[in-house]
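Notes for the one structure printed next.
The values are calculated or read from the model by the stated rules, or taken from the named source; none is laboratory data. The model shown is predicted, which means the values in this text are computed figures rather than measured ones. Glycine also receives a Cβ, built like all others from the backbone with ideal geometry; neighbour counts cover every protein chain displayed.
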């Protein structure tokens with residue numbers, strides 16, 4: 001997988017954009033802010049002594065956020081998600097100021113990594129814990145939408161990234 005991501009990264013950075021459309025910037029900011037809100041709530045609940053309530057699956061959020069899968073290297077996944085969304089927003093605003101397209105390409109790469117991580121956490125919920133955290137699934141959906149925005153941007157600008165190693 002790292003070889004595939006490296007090839008995509010190389011192909012992306014060898015392409016020249018003329019400009020980034022407003023819909024991409026606007027969509028990334030809106031989704032990023034939505035992600036910050038969800039991840040902030042999950043972070044708050046992670047450190048809160050009270051039990052977390054889940055609007056869809058009773059005890060689902062509590063089970064997921066209290067599981068061993070809710071931390072990576074003793075760092076709550078919610079904090080990682082919060083950092084991810086904040087970084088996306090910061091990069092978009094830096095892009096708006098500097099107009100450095102490499103920042104957009106880094107966002108594409110970052111979102112790809114975010115999607116892979118979200119996929120793992122969704123798998124952990126469904127296959128390993130056999131429950132669902134509503135807020136975690138909302139966060140994963142936001143990451144998926146960010147990835148779709150990236151794919152639309154790459155397709156619109158006709159960037160050809162060979163996903164299979166040769």
Could you please find all residues in the stretch 66-77 being surrounded by 13 or more Cβ atoms within 10 Å (Cβ to Cβ), assigned to a helix (DSSP H, G or I) and either touching a strand residue (DSSP E or B) at 6+ places or on another chain (Cβ under 6 Å) or free of Cβ contacts under 8 Å to residues at least 60 places away in the same chain (or both)?
70, 77
Looking at the stretch 145-165, which of the residues that are surrounded by fewer than 10 Cβ atoms within 10 Å (Cβ to Cβ) and at pLDDT below 55 is nearest to the chain's Cα centre (by Cα)?
163
Selection within the stretch 53-65 - outside any helix (DSSP H, G or I) and either modelled with pLDDT of 90 or more or surrounded by 15 or more Cβ atoms within 10 Å (Cβ to Cβ) (or both)
54, 57
Quick one: residue 74 ticks every box in (1) at pLDDT 95 or above; (2) within 23 Å of residue 133 (Cβ to Cβ) bar one, so which box is it?
(1)
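Are any residues in the stretch 1-52 over 22 Å from residue 75 (Cα atoms), at pLDDT 85 or above and outside any loop (DSSP other than H, G, I, E, B), and if so, which ones? Write out each step before concluding.
Just the residues of the stretch 1-52 that are over 22 Å from residue 75 (Cα atoms), to begin with: 1-31.
Subset that is at pLDDT 85 or above: 21-31.
Correct list: 22, 23, 24, 25, 26, 27, 28, 29, 30, 31.
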Does residue 80 satisfy the condition of being touching a helix residue (DSSP H, G or I) at 6+ places or on another chain (Cβ under 6 Å) and either crowded, with 17+ Cβ neighbours inside 10 Å or modelled with pLDDT of 90 or more (or both)?
no
Could you tell me whether residue 142 is in a helix (DSSP H, G or I), more than 15 Å from residue 39 (Cα to Cα) and within 18 Å of the chain's Cα centre (by Cα)?
no
If you take the residues of the stretch 97-138 that are in contact with a helix residue (DSSP H, G or I) (Cβ under 8 Å, 6 or more places away or on another chain) and not in a helix (DSSP H, G or I), which of them is surrounded by the most Cβ atoms within 10 Å (Cβ to Cβ)?
133
Is there any pair linking a residue in the stretch 131-151 that is touching a residue at least 40 places away in the same chain (Cβ under 8 Å) to one that is outside any helix (DSSP H, G or I) and buried (at least 17 other Cβ atoms within 10 Å of the Cβ), with Cβ under 7 Å and at least six apart or on different chains, and which?
133/54; 134/54
